[in-house]
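Okay, so here's the structure we're looking at.
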Amino acid sequence: MERISIHVCGYLVGIPRAGGETDDTVFKRIDSNTLRMRLEEYWGVGPKTRETLVAELGRERAIRAIESGDVRELATAGLARGRATRILRRATGGDGIDMLATSDARAAYKDLLDLAVDHAVTQRAADRIRVLTPLATREEMESRLDDVLAARDAWAALDEGNRETVLAAYERYDDRDESERAAVETALVLLEAGVDSGPFATIAELDHETLAAAADALSAFADDGGRGRLRRGADDELDRLRDALGTVEDMDANALELIEELRSDGVRDVSQFREAFEDHLLSETAVTVEQVRDAMPADATDATDFVGGTLRTLRGDLTAAIDEREERVAGEFRAELENSRSAIDQAVEAVDDIALHLSLARFALAYDCTRPTFVEGESAAVSVVEARNLTLASPATDAERTEVEEPVQPITYALGDHGVTDPAAVPGSTDTAPGRQRVSVLTGANSGGKTTLLETLCQVVLLASMGLPVPAERAEVTPVDSLVFHRRHASFNAGVLESTLRSIVPPLSSSADGRTLMLVDEFEAITEPGSAADLLHGLVTLTVDRDALGVFVTHLADDLEPLPPEARVDGIFAEGLNPELELLVDYQPRFDTVGRSTPEFIVSRLIANADDRGERAGFETLGEAVGNDVIQRTLADARWSE
């Protein structure tokens, strides 16, 4: 059976088409089937939420909002934005969110989305970014990467003037609640700016004359959408009639004052009064002399009756004329909109999609992100070359992207069947390439960046799984079913140990094909060292047995021996203190080398910085425990380096 591809929330979905069906028929069938769903079938929508959505939006509109990932619509209906976002992540992302196996993995995911949202060009784009989830297939990941990188390259190629034009257009679009008129006018601005590469190519395909006519027609209506009353400026004759009606209504409200004003001008008899009143109407309103004379009553009993009757008739005549004129003109505008409907719909979709991809492109450009390579089949790998931690990195701005000293030391690291085989690709003091072990134990200096390395690997895998560029010169990623990220949580409470094991072991033990990544930081912080070493050794062994990938940060490397041969030990080393007594660390791990903690550097700094005599004496006692000669040598080296 033939399939057609449609974009749903930013990625391609294949839909079967029966014989003889047109694309429009398929779309209507999809829409009809979707609307037959019960709202409660969506994750997170219970009876109370359903009642709220139905009461505020109606069932069909609520379903459309969920299917289209419209956070704003659900929030307007009364749902908290956070809850609306969680519902839409499940509705539009399917089971992808289940990849985030621990609370720390989910927190890292949200932190990444927050960084990307900072570069959103519209509120709608920000909402769409917030509901992005890891994708299910490599094809979906590659498709989104194609779109985002094309947008990145197109944005990077624009000069500053065109960038400002595009951003200003989207700012106006956002300010006007992303209406159809705002979308069409934004498309016109992009067309006139001549931006036509990457994501802008869909706009370049639209006809300027058709869009301009559609913009005029949409702008004629007060609601910007082809419904409701015509706004002022839509038709000169309609404006003339409305102005005349407004003046007549004002006169009718002040009829007695008008009569006195006419009499004060010297009017003495009925004929003069009639003539003066006629002149006044013709001079103050845009009505014709025929309209005025037809409206004057022949049987008025006095001036008040005459003026009131004339004005009431004029009001009725003008109201009818306005209704007739508005109906005819509105019909002409609606006919124009009907003729332009295809172009309008294309503009709305294109402007919305460009906003999403442009937002993600600006994020990728700000952090110098690149396309990852996916490793699948029997091989599995996670590798990064010159990777940077996004939480620590400072994004470059659109206005200024100059060469500056890298504030964050990039790192190279690899697990599994990776391609980082050249030692020259590894920066720092190491002269070896990482081995092909799928599991590593990472050791080394206090404050040496071990946790940061875990976070960096987590960020790279998450971004790649969402089909987004990653902050590295190059990267290899095996898409995983479960990402187990566990930060250091210092507590010897038995409940913490149990809850931690319940969160990190099941994803690993239930994986039969090695599609799990374990990133575990200082497991020993939640139980006593002896038991922690035994449990950690068991976790490393289980990771190896399940053919999973994993990095385990610990200070207990010596207590883990012997490790399975499929696991290696890497180390990060501190090199001393600088003249400001800041720790000097080579954050690049050394492979197959046990790192060591450096308490002497920390204690030396505490002694040197202590102002209180008693406090200093306490730190010196610790220095004796570490070794006075080591302390003195450390401080001497720091002074010498100055």
Kindly provide the set of residues from the range 531-555 that are part of a helix (DSSP H, G or I) and open to solvent by 50 Å² or more (accessible area, probe 1.4 Å), ordered by number.
Asp534, Leu535, His537, Asp545
Any residue at all in the range 366-379 that's within 21 Å of the chain's Cα centre (by Cα), under 30 Å from Tyr170 (Cβ atoms) and among the hydrophobic types (A, V, I, L, M, F, W, C)?
yes
Would you point out the residue of the range 339-395, among those that are of a type in the set (Lys, Arg) and surrounded by fewer than 22 Cβ atoms within 10 Å (Cβ to Cβ), that is farthest from Asp481 (Cα to Cα)?
Arg341
Note: among Leu245, Leu262, just one is aliphatic (A, V, I, L, M), assigned to a helix (DSSP H, G or I) and more than 60 Å from the chain's Cα centre (by Cα), namely Leu262
Could you identify the single residue in Leu191, Leu218 that is within 26 Å of the chain's Cα centre (by Cα) and among the hydrophobic types (A, V, I, L, M, F, W, C)?
Leu191
Inside the range 284-296, the number of residues satisfying the requirement of being open to solvent by less than 80 Å² (accessible area, probe 1.4 Å) and closer than 16 Å to Leu258 by Cβ is 5
Tell me the residue from Leu206, Leu190 that is touching a residue at least 12 places away in the same chain (Cβ under 8 Å), touching a Phe, Trp or Tyr at 6+ places or on another chain (Cβ under 7 Å) and open to solvent by less than 50 Å² (accessible area, probe 1.4 Å), please.
Leu190
Filtering the range 103-146 for residues that are part of a helix (DSSP H, G or I), open to solvent by 50 Å² or more (accessible area, probe 1.4 Å) and touching an Asp or Glu at 6+ places or on another chain (Cβ under 8 Å) leaves a count of 2
So which residues in the range 209-234 are charged (D, E, K, R), surrounded by fewer than 20 Cβ atoms within 10 Å (Cβ to Cβ) and outside any helix (DSSP H, G or I)?
Asp223, Arg227, Arg229, Arg231, Arg232
Checking Glu164 against (1) surrounded by fewer than 22 Cβ atoms within 10 Å (Cβ to Cβ); (2) in a helix (DSSP H, G or I); (3) in contact (Cβ under 8 Å) with a residue 12 or more places away in the chain; (4) not aliphatic (A, V, I, L, M), which test does it fail?
(3)
Of all residues in the range 49-96, which are open to solvent by 30 Å² or more (accessible area, probe 1.4 Å), under 26 Å from Met466 (Cβ atoms) and of a type in the set (S, T, N, Q)?
Ser68
Please count how many residues of the range 168-189 are farther than 16 Å from Ser340 by Cβ and in contact with a Leu (Cβ under 9 Å, 6 or more places away or on another chain).
2
Go through the residues of the range 429-449 one by one and say whether even a single one is open to solvent by 10 Å² or more (accessible area, probe 1.4 Å), touching a Gly at 6+ places or on another chain (Cβ under 6 Å) and either at pLDDT below 95 or not aliphatic (A, V, I, L, M) (or both).
yes
Specify the residue that is nearest to Ala364 (Cα to Cα); the eligible residues are those in the range 466-477 that are in a loop (DSSP other than H, G, I, E, B) and open to solvent by less than 10 Å² (accessible area, probe 1.4 Å).
Pro469
Just wondering, is there one or more residues in the range 74-92 that are touching a residue at least 40 places away in the same chain (Cβ under 8 Å), assigned to a helix (DSSP H, G or I) and in contact with a Cys (Cβ under 8 Å, 6 or more places away or on another chain)?
yes
Of the residues Glu575, Glu580, which is open to solvent by 40 Å² or more (accessible area, probe 1.4 Å), part of a strand (DSSP E or B) and at pLDDT below 85?
Glu575
Checking Leu463 against (1) surrounded by fewer than 23 Cβ atoms within 10 Å (Cβ to Cβ); (2) part of a helix (DSSP H, G or I); (3) touching a helix residue (DSSP H, G or I) at 6+ places or on another chain (Cβ under 7 Å); (4) at pLDDT 90 or above, which single condition isn't satisfied?
(1)
Breaking point among (1) assigned to a strand (DSSP E or B); (2) touching a Lys or Arg at 6+ places or on another chain (Cβ under 9 Å); (3) of a type outside the set (Gly, Ala, Ser), for Leu454:
(1)
Residue in the range 583-633 that is modelled with the highest pLDDT, counting only those that are among the hydroxyl-bearing types (Ser, Thr, Tyr) and open to solvent by less than 20 Å² (accessible area, probe 1.4 Å):
Ser604
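Being touching a residue at least 40 places away in the same chain (Cβ under 8 Å), over 17 Å from Arg242 (Cα atoms) and open to solvent by 40 Å² or more (accessible area, probe 1.4 Å) is the filter here; which residues of the range 299-338 pass it? Step through it out loud before you land on a result.
Of the range 299-338, the ones touching a residue at least 40 places away in the same chain (Cβ under 8 Å) are 303-304, 307-308, 311-312, 314-315, 318-319, 321-322, 325-326, 329-330, 333-334, 336-337.
Those still in the list that are over 17 Å from Arg242 (Cα atoms) too: 303-304, 307-308, 333-334, 336-337.
Once the filter is applied, which keeps residues that are touching a residue at least 40 places away in the same chain (Cβ under 8 Å), over 17 Å from Arg242 (Cα atoms) and open to solvent by 40 Å² or more (accessible area, probe 1.4 Å), the range 299-338 yields Thr304, Phe333, Arg334, Glu336.
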Within the bounds of the range 450-460, is there any residue that is touching a helix residue (DSSP H, G or I) at 6+ places or on another chain (Cβ under 9 Å), of a type outside the set (S, T, N, Q) and modelled with pLDDT under 90?
no
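The values are calculated or read from the model by the stated rules, or taken from the named source; none is laboratory data. Quick caveat, the model's predicted, so the values are computed rather than measured. Cβ: placed from backbone, ideal geometry, glycine included. Neighbour counts: every protein chain shown. The protein model used for the area step is the full one, side chains on, heavy atoms only, and it has no ligands, DNA or RNA in it. Shrake-Rupley method; radii C 1.70, N 1.55, O 1.52, S 1.80 Å.
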